[in-house]
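Novice: Have a look at this one.
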Amino acid sequence: MQEKITRSSRRFHNSRREFLKSLGIGTAAAHFALSLPSLGWAAAASPQKKRLVFVFSPNGVIPKHFWPENPGRDYDVKRILEPLSDFQSRMTTLHGVNNRIKGDGDGHMRGIGCLLTGIELFPGDVQGGSDTPAGWSMGISVDQEIKNQYQADAATRTRFGSLEFGVMVPERADTWTRMSYAGPNQPVAPIDNPYQMFDRLYGQTHNRKLLASVLDELTDDLKKVKRMVSAEDRRLLDEHLSMVRRVEKDMRIEQQTTQAAAENESADLGHAVPDLPPNVQEDNDNIPEIAKMQIELLVNSFRSDFARVATFQITNSVGNPKMRWLDIDESHHSLSHEPDSNEEAYEKLIRINTWYAEQVALMAKRLDETPEPGGEGSMLDHTTIVWTNELGKGNSHTRNNIPFVLVGDGLGFKTGEAMDFGGVNHNRLLMTFLQGMDCPRKTFGNPDFCDGGVLGDLLA
Amino acid sequence: MSPQILSLLVVHALLACGLAAHVSAGDGDAEDRGRRIYENQCAECHGDRGRGNEDFYPDPLIGDDSPGQLAELIADTMPEGEPELCQGDDAEAVAAYIHEAFYSEAAQIRNRPPRLMLQRLTARQLRQSLSDLYATVDGIPVKPTQPGVNALYFDGDRWKKENQRIERIDPFIDFDFGHESPGDEISSEAFYVLWSGALKPERSGRYEIVVHSSLSMTMKFGDGDKVLIDNHVQSGDKTEFRRSLFLSAGRLYPFSIQFIQRKRKTELPSADIRLAWVPPGGVEHTIPTRNLVADSVPPAYTIQSDLPPDDRSYGYPRGISVDRAWDESTTSAALEFATVVYEDLWPRYQRRHRKDDGDDRTKLKRLLVEIVGRAFRHPLDDELKRQFVDRPFDQTPADIDAVKRVLLVALKSPRFLYPTIDSDRSPSRRAANRLALVLHDSIPTRTELIRTAGQDELESEDQIRHHAREMSQDPRTDAKFLEFLSGWLNLDHLHDLDKDQEKFADFDDAVAADSRRSFRWMLADFAADPETRFQDLLTRPRAYTSDRLAAYYGDAWETQRAQAGDRGVGNGQAEGTKKVVGLVDDQPDHLRISVPSPDRRGVLNHPFLTSSLAYHDATSPIHRGVFLIRYMLGRTLRPPNAAFAPFSPDLHPDLTTRQRVELQTGEQSCQVCHSKINPLGFTLENYDATGRHRDSESGRPIDSNGVYESRDGESVSLAGPMDLADYLATSDDSVRGFVNRLFQHFTKQPPAAYGRQTLDQLIRNFEASDYSIRELIVEIATIAAARPLGES
């Protein structure tokens, strides 16, 4: 089957996807077909897992082509959300949620720095385009709050607790490049190099595989060198040789047991450790490839239950990717400051945001295609993706109507609706997320912005 | 048959019958008699030829007493419980026999000639080799010349050549500018300071680097790109930053710190910054001038993976065994190194070779061939190139994995891990290899050495000695010698400095910390000075001191206000230099050089040493005596048969420590060893448990008279610590012990393995050079590189 070769695609195969496409099975049916073997596990006593991912894209959206006009279940899917139309019944848009946190920092800094924290930034010396200079957030972000609670409880503990992914995040540590905070003045850096993330998740396993693959040569070399020493000195080399042989034996047993375990996961058609395409450089033009690799790593992390909460930060606040693969040569942030009257810029911004939506759609699709390990349905049934942004709109820097789009059923919220909250503080939404993840809090971030509590309309 | 022959036959027959024939007492006959006595009276407990007997006396009968001393011991105490059975001539005969047959060092060498033992790289050698492997790609550092850090001060909050206002060397980084400007024509509201230089640790181990900064600050470390601490954003009260790093002595680690005050609409914070560290086993203090170098140095890297400890049963690390933990550590070291090659060395190599022909993969392969060749201490021939680089590389499409594979095989190969397996190399290459191993604990790195070896010009002893001398002028050799001093003084096994607060109210943790650092700096100075002679170690009249040390230990610990050119100003600047704006000088923990004192004897009566050889509330002449016999005089001493708790001073309030010790060790069986230990330990009784000088104890005058019986039976009386020091600085026994230990530390082999006369020859050369330690090291390295090699 010939794959369309564009600048962005490489030898990156996903045989499962192609397989499904070629059979002409719709997503829902395929999902059902794939999950058949797991039906027998319906009686499993373990509590269903809940997962939450925050996907960030910068510089606001074009509201007219983003927000549905008809509220309720029969909402219209505008251009920007078009890539997500397959998930309409499991998607919820939340209009009318505002980031009203004041204090130090300019619009962008507060846009990203207060987004998941709901609290002011410290005074500092990073000066934005306007307002006063700021430092880091004064409080913890909602993803880390969940992680802390989950790691403290054996029932929800995972290997990492949370994972912070990035795509093309600049090599600077400042208020524009960080959205996750482990506490006041404790920014958490996203890992935007897929090989580095791979190393973190599978490095040990991968390195052990590499070691196993060279043990034969090591043994041969030792034997050769042994012949070069006197009889009395051979003792040490003999010990060395028998030790390497023991390591070899142990590794073979290890590999056999892991392989057997992998084969037992009969519903899983993929490999336990994902294959990344080699030597992809961290360049602007490789952003689509890198995004794909990071999504793959995220889905696999969830599947192996490495974490229950994650952030996925595409570039940063004031992010400036040049989407040449869409034939757009200008950088995103500079375009976002053009007035609406600049029709060319307006159109490009719609297409840029549509591309971001495509990434969210890809993530949702990959989760949807993967059966929930040890549970019912697909992984998307147990995961909620929250696609959000620092600003409501780029050229006005407004932080009213922050884009919030929820996809998936991880939190047990109402889905398949376009909602309007009429202008509530976003702290309340953060508290609702916490409640959905079984971490209820009376307040979160700055308590002054929490009046009214959780957003009841979201809860089913 | 002739009459003579007949009479001989008769004599033989008579002797054979065991009749007491009156033949004149020649040596052979006494030994024979001694052997018979041994077999009848001693062998039951001590085993055949002194090998020992599990049921009675399990240790082999070996030591360094003279035959006379042995005879006395036997007459007094042996056979056990019935010493009267072997006295006078009998005792002398059996003593002569065992001394000659198996007891003495010479006998041991004769019976079991030591051979050169095959060893793998120790942890220290592995780290040093990998650091040097890294360095061979970007550049080997040269010996630094300028202590302190380079400082550039700019007006405005960024680097702009035209805004540079000050360029100078700052002695260390501890500044408090408050709200003021750091210098002329520099705004107090917006300025940029860049300090750059290198860290020069004196000991290997895990350090905690601590930066305290009230402003935006970024610290780079290791190379120009690696950010160690990123506080680019000044935020709230986040001002303290800590990083843990393993650093090797003998290396220079480049670093830079940029410190920025930014003008803003809100209130400006006060500007202060301090670069400090916590060295292994030490306390936090500002990194002093002696550990900072303002020269520009090439990038440096040290493996951070944990490496398991090596065998230390001989007092220095040896790689004589292998086990899983060690094997796993070589894997993680290889993988860590591979990552560093790929992420740091490769991009720089690419830039340097961007005009070369070949694609990236070809160039990467070339880099690996270079690296593996250096690791194997010999350029790769075609076959090895195919085996170690081409095959694994071509089989692996992902670059990072290819690098990992190649280096896994190369750095876990015996060709790297067992440096002395080199019988297939030319004699010159073998000599170069061993010189680097002995003098630097590493692979050959100097271009000149490698070239000379490649041209087969390193074969004669003179050629080797010439290169050894060049190579010994290297921070890595200084580091190895400093490690030796730690072992020679048994520093790892000393007591802690926690003392009874009632008896020694003013000896607190701060004084203890200053004392420890003062001692370490003294040792480091000995190691770094190529002119150090053996006597200097036990006679140096100056030490590093602080106000705290002066307050506790008295006038001899006053600081000498530094004269120009006086080495080791510690933290402080030399007097008379212009005051540096903002520098936080004259802190209580800053050490400076002391006045010279006629009573100071180098390491011997430094309070750190004497207080470490003492209990919580009293001195320990026994620990001091054991230290002197074993470490300073190099004599053998068996451990005691059982563990004994010292008599408590409270139970014997009327006795001095000396009297108490004499009481406790008075029994005959104890005196076998304690008659040697105690008289030495007593000579240091003038130094109390905190190392402070005293003339009396509990109202009674201190008696610090002692005695020592040397190897050749001479009895030396010592009237106190000065006598002791003078004796140690010149006696044959201490010199012999020192040379023997130094040899083994550097070569990890016994001297006799290079020939029976090696030790004696070295001692003669040492004497002839007026005890120059540097010359001794050169000589040791020459022997190790030139003498015929035992394994082949």
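The values are calculated or read from the model by the stated rules, or taken from the named source; none is laboratory data. Here the structure is a predicted model, which is why all the values come from computation and not from measurement. All Cβ positions, even for glycine, are placed from backbone atoms using ideal geometry, and neighbour counts span all protein chains on display. For the accessible areas, the whole protein counts, side chains as well, though only heavy atoms, and no ligand, DNA or RNA atoms are used. Shrake-Rupley method; radii C 1.70, N 1.55, O 1.52, S 1.80 Å.
Novice: Kindly evaluate B:Glu461 against the criterion of being among the acidic types (Asp, Glu) and over 21 Å from B:Asn765 (Cα atoms).
Specialist: Working: among the acidic types (Asp, Glu): yes; over 21 Å from B:Asn765 (Cα atoms): no.
The answer is no for B:Glu461.
Novice: Can you confirm whether region B:270-293 contains a residue that is more than 30 Å from B:Ala510 (Cα to Cα) and either within 14 Å of another protein chain (Cβ to nearest Cβ) or surrounded by fewer than 20 Cβ atoms within 10 Å (Cβ to Cβ) (or both)? Break it down into steps so the answer makes sense when it comes.
Specialist: First, the residues of region B:270-293 that are more than 30 Å from B:Ala510 (Cα to Cα): none.
No, every residue in region B:270-293 fails to be more than 30 Å from B:Ala510 (Cα to Cα) and either within 14 Å of another protein chain (Cβ to nearest Cβ) or surrounded by fewer than 20 Cβ atoms within 10 Å (Cβ to Cβ) (or both).
Novice: If you take the residues in region A:168-188 that are crowded, with 21+ Cβ neighbours inside 10 Å and of a type in the set (Val, Ile, Thr), which one is farthest from the other protein chains (Cβ to nearest Cβ)?
Specialist: A:Val169
Novice: Can you report the number of residues in region A:54-78 which are touching a Gly at 6+ places or on another chain (Cβ under 8 Å) and under 20 Å from A:Lys414 (Cα atoms)?
Specialist: The number of residues fulfilling the criteria is 1.
Novice: Additional query: Among the listed residues B:Leu485, B:Leu497, identify the single one that is within 19 Å of B:Thr610 (Cβ to Cβ), hydrophobic (A, V, I, L, M, F, W, C) and in a helix (DSSP H, G or I). Step through it out loud before you land on a result.
Specialist: Details: B:Leu497 fails: in a helix (DSSP H, G or I).
Going through B:Leu485, B:Leu497 in turn, just one is within 19 Å of B:Thr610 (Cβ to Cβ), hydrophobic (A, V, I, L, M, F, W, C) and in a helix (DSSP H, G or I): B:Leu485.
Novice: List, please: which pairs have Cβ atoms under 6 Å, are six or more places apart or on different chains, and start with a residue in region A:416-430 that is at positive phi and end with one that is open to solvent by less than 20 Å² (accessible area, probe 1.4 Å) and not β-branched (Val, Ile, Thr)?
Specialist: A:Gly422/A:Gly96; A:Gly423/A:Gly96; A:Gly423/A:Asn98
Novice: If you go through region B:674-681 one residue at a time, do you hit one that is outside any helix (DSSP H, G or I) and surrounded by 14 or more Cβ atoms within 10 Å (Cβ to Cβ)? Before you say what the answer is, go through the steps one by one.
Specialist: Of region B:674-681, the ones outside any helix (DSSP H, G or I) are none.
There is no residue in region B:674-681 that is outside any helix (DSSP H, G or I) and surrounded by 14 or more Cβ atoms within 10 Å (Cβ to Cβ).
Novice: Among the listed residues B:Phe259, B:Phe255, identify the single one that is crowded, with 21+ Cβ neighbours inside 10 Å, away from every other protein chain (no Cβ under 14 Å) and in a strand (DSSP E or B). Give the steps one after another, and end with the answer.
Specialist: Values: B:Phe259 fails: away from every other protein chain (no Cβ under 14 Å).
The conditions single out B:Phe255.
Novice: Going by the conditions given, is B:Ile303 crowded, with 21+ Cβ neighbours inside 10 Å and away from every other protein chain (no Cβ under 14 Å)?
Specialist: Details: crowded, with 21+ Cβ neighbours inside 10 Å: yes; away from every other protein chain (no Cβ under 14 Å): yes.
Yes.
Novice: If I ask for residues that are assigned to a helix (DSSP H, G or I) and of a type outside the set (Val, Ile, Thr), which ones from region B:295-336 would you list? Outline the logic, then answer.
Specialist: So the first thing to find is which residues in region B:295-336 are assigned to a helix (DSSP H, G or I), and the list is B:324-336.
B:Arg324, B:Ala325, B:Trp326, B:Asp327, B:Glu328, B:Ser329, B:Ser332, B:Ala333, B:Ala334, B:Leu335, B:Glu336, listed by residue number.
Novice: Also, I was wondering about something else. Which residues, taken from region B:376-412, are among the acidic types (Asp, Glu) and open to solvent by 60 Å² or more (accessible area, probe 1.4 Å)? Break it down stepwise before answering.
Specialist: Here is the first cut: in region B:376-412, the ones among the acidic types (Asp, Glu) are B:381-383, B:390, B:394, B:399, B:401.
Within region B:376-412, B:Asp381, B:Asp382, B:Glu383, B:Asp394 qualify.
Novice: Also, I was wondering about something else. Just a yes or no: is a residue in region B:691-702 farther than 19 Å from B:Tyr615 by Cβ and open to solvent by less than 20 Å² (accessible area, probe 1.4 Å)?
Specialist: Within region B:691-702, none of the residues are farther than 19 Å from B:Tyr615 by Cβ and open to solvent by less than 20 Å² (accessible area, probe 1.4 Å).
Novice: Answer yes or no as to whether A:Ser336 is over 30 Å from A:Arg157 (Cβ atoms) and open to solvent by less than 10 Å² (accessible area, probe 1.4 Å). Step through it out loud before you land on a result.
Specialist: Details: over 30 Å from A:Arg157 (Cβ atoms): yes; open to solvent by less than 10 Å² (accessible area, probe 1.4 Å): yes.
So A:Ser336 passes the test.
Novice: Further, regarding this structure: Identify, from the list B:Leu70, B:Leu61, the residue that is under 42 Å from the mean Cα position of the chain (by Cα) and either at positive phi or assigned to a loop (DSSP other than H, G, I, E, B) (or both).
Specialist: Values: B:Leu70 fails: either at positive phi or assigned to a loop (DSSP other than H, G, I, E, B) (or both).
Testing whether each residue is under 42 Å from the mean Cα position of the chain (by Cα) and either at positive phi or assigned to a loop (DSSP other than H, G, I, E, B) (or both) leaves just B:Leu61.
Novice: Then there's this: Select from region A:189-232 the residues that are in a helix (DSSP H, G or I), within 7 Å of chain B (Cβ to nearest Cβ) and β-branched (Val, Ile, Thr) and write down the one among them that is nearest to the chain's Cα centre (by Cα).
Specialist: A:Val214
Novice: Go through A:Ile146, A:Ile119 for me and flag whichever is within 14 Å of another protein chain (Cβ to nearest Cβ) and crowded, with 20+ Cβ neighbours inside 10 Å.
Specialist: Working: A:Ile146 fails: within 14 Å of another protein chain (Cβ to nearest Cβ).
Within the list A:Ile146, A:Ile119, the selection yields A:Ile119.
Novice: Just a yes or no: is a residue in region A:151-164 in contact (Cβ under 8 Å) with a residue 24 or more places away in the chain, outside any loop (DSSP other than H, G, I, E, B) and of a type in the set (Phe, Trp, Tyr)?
Specialist: Restricting attention to region A:151-164, the residues satisfying the condition of being in contact (Cβ under 8 Å) with a residue 24 or more places away in the chain are A:155-156, A:158-164.
In the following step, the residues that additionally are outside any loop (DSSP other than H, G, I, E, B) were identified as A:161-164.
So of that shortlist, the ones also of a type in the set (Phe, Trp, Tyr) come out as none.
Scanning region A:151-164 turns up no residue that is in contact (Cβ under 8 Å) with a residue 24 or more places away in the chain, outside any loop (DSSP other than H, G, I, E, B) and of a type in the set (Phe, Trp, Tyr).
Novice: Would you confirm whether or not region B:617-639 contains a residue that is touching a residue at least 24 places away in the same chain (Cβ under 8 Å), part of a helix (DSSP H, G or I), among the basic types (Lys, Arg) and within 30 Å of B:Gly554 (Cβ to Cβ)?
Specialist: Within region B:617-639 (the criterion being touching a residue at least 24 places away in the same chain (Cβ under 8 Å), part of a helix (DSSP H, G or I), among the basic types (Lys, Arg) and within 30 Å of B:Gly554 (Cβ to Cβ)), the answer is yes, since at least one residue qualifies.
Novice: Here's a follow-up. Of everything in region A:317-340 that's among the aliphatic types (A, V, I, L, M) and over 18 Å from A:Thr177 (Cβ atoms), which residue is nearest to the chain's Cα centre (by Cα)?
Specialist: Residue satisfying both the conditions and the ranking: A:Met323.
Novice: If you don't mind, another one. Of all the residues that make up region A:47-75, how many are in contact with a strand residue (DSSP E or B) (Cβ under 8 Å, 6 or more places away or on another chain) and acidic (Asp, Glu)? Lay out the reasoning, then the answer.
Specialist: Of the residues in region A:47-75, the ones in contact with a strand residue (DSSP E or B) (Cβ under 8 Å, 6 or more places away or on another chain) are A:49-63, A:67-68, A:70-73, A:75.
Still in the running and acidic (Asp, Glu): none.
The number of residues fulfilling the criteria is 0.
Novice: Right, here's the next one. Report every pair of residues separated by at least 6 positions or lying on different chains whose Cβ atoms are under 7 Å apart, first residue within region A:448-460 and touching a residue at least 12 places away in the same chain (Cβ under 8 Å), second in a loop (DSSP other than H, G, I, E, B) and among the small types (Gly, Ala, Ser).
Specialist: A:Phe449/A:Gly118; A:Ala460/A:Gly412
Novice: When you scan region B:199-210, how many residues do you find that are part of a strand (DSSP E or B), in contact with a Ser or Thr (Cβ under 9 Å, 6 or more places away or on another chain) and buried (at least 18 other Cβ atoms within 10 Å of the Cβ)?
Specialist: 2
Novice: Which of (1) modelled with pLDDT under 95; (2) under 26 Å from the mean Cα position of the chain (by Cα) does B:Thr122 not meet, given it meets every other one?
Specialist: Here B:Thr122 meets the rest and fails (1).
Novice: Would you check which residues across region B:727-757 are surrounded by 19 or more Cβ atoms within 10 Å (Cβ to Cβ) and of a type in the set (Ser, Thr, Tyr) and list them?
Specialist: B:Tyr727, B:Ser734, B:Thr747, B:Tyr754
Novice: While we're here: For region B:211-236, name all the residues that are away from chain A (no Cβ under 13 Å) and in a loop (DSSP other than H, G, I, E, B).
Specialist: Residues satisfying the conditions are B:Gly222, B:Asp223, B:Gly224.
Novice: OK, next. Which one of these does A:Glu248 not meet: (1) more than 11 Å from chain B (Cβ to nearest Cβ); (2) surrounded by fewer than 13 Cβ atoms within 10 Å (Cβ to Cβ); (3) not polar (S, T, N, Q)?
Specialist: Exception for A:Glu248: condition (2).
Novice: Scan region B:103-134 for residues that are away from chain A (no Cβ under 14 Å), buried (at least 19 other Cβ atoms within 10 Å of the Cβ) and either touching a strand residue (DSSP E or B) at 6+ places or on another chain (Cβ under 8 Å) or not polar (S, T, N, Q) (or both) and report the count. Steps first, please.
Specialist: Of the residues in region B:103-134, the ones away from chain A (no Cβ under 14 Å) are B:103-111, B:123-134.
Then drop every residue that is not buried (at least 19 other Cβ atoms within 10 Å of the Cβ), which leaves B:103-104, B:123-134.
Then keep just the ones that are either touching a strand residue (DSSP E or B) at 6+ places or on another chain (Cβ under 8 Å) or not polar (S, T, N, Q) (or both); that gives B:103, B:123-124, B:126-127, B:130, B:132-134.
Number satisfying all stated conditions: 9.
Novice: What single numbered condition from (1) more than 8 Å from every other protein chain (Cβ to nearest Cβ); (2) among the hydroxyl-bearing types (Ser, Thr, Tyr); (3) open to solvent by less than 10 Å² (accessible area, probe 1.4 Å); (4) without any contact (Cβ under 8 Å) to a residue 60 or more places away in the chain fails to hold for B:Thr239?
Specialist: Evaluating B:Thr239 over (1) more than 8 Å from every other protein chain (Cβ to nearest Cβ); (2) among the hydroxyl-bearing types (Ser, Thr, Tyr); (3) open to solvent by less than 10 Å² (accessible area, probe 1.4 Å); (4) without any contact (Cβ under 8 Å) to a residue 60 or more places away in the chain leaves (3) as the failure.
Novice: Keeping to region B:306-333, report how many residues are within 14 Å of chain A (Cβ to nearest Cβ), over 17 Å from B:Gly205 (Cα atoms) and open to solvent by less than 40 Å² (accessible area, probe 1.4 Å).
Specialist: Of all residues in region B:306-333, those within 14 Å of chain A (Cβ to nearest Cβ) come to B:308, B:310-311, B:318-333.
Remaining after also requiring over 17 Å from B:Gly205 (Cα atoms): B:311, B:318-328, B:330-332.
After this cut, where a residue has to be open to solvent by less than 40 Å² (accessible area, probe 1.4 Å) as well, the list is B:318-320, B:322, B:326-327, B:330-331.
Matching residues across region B:306-333 total 8.
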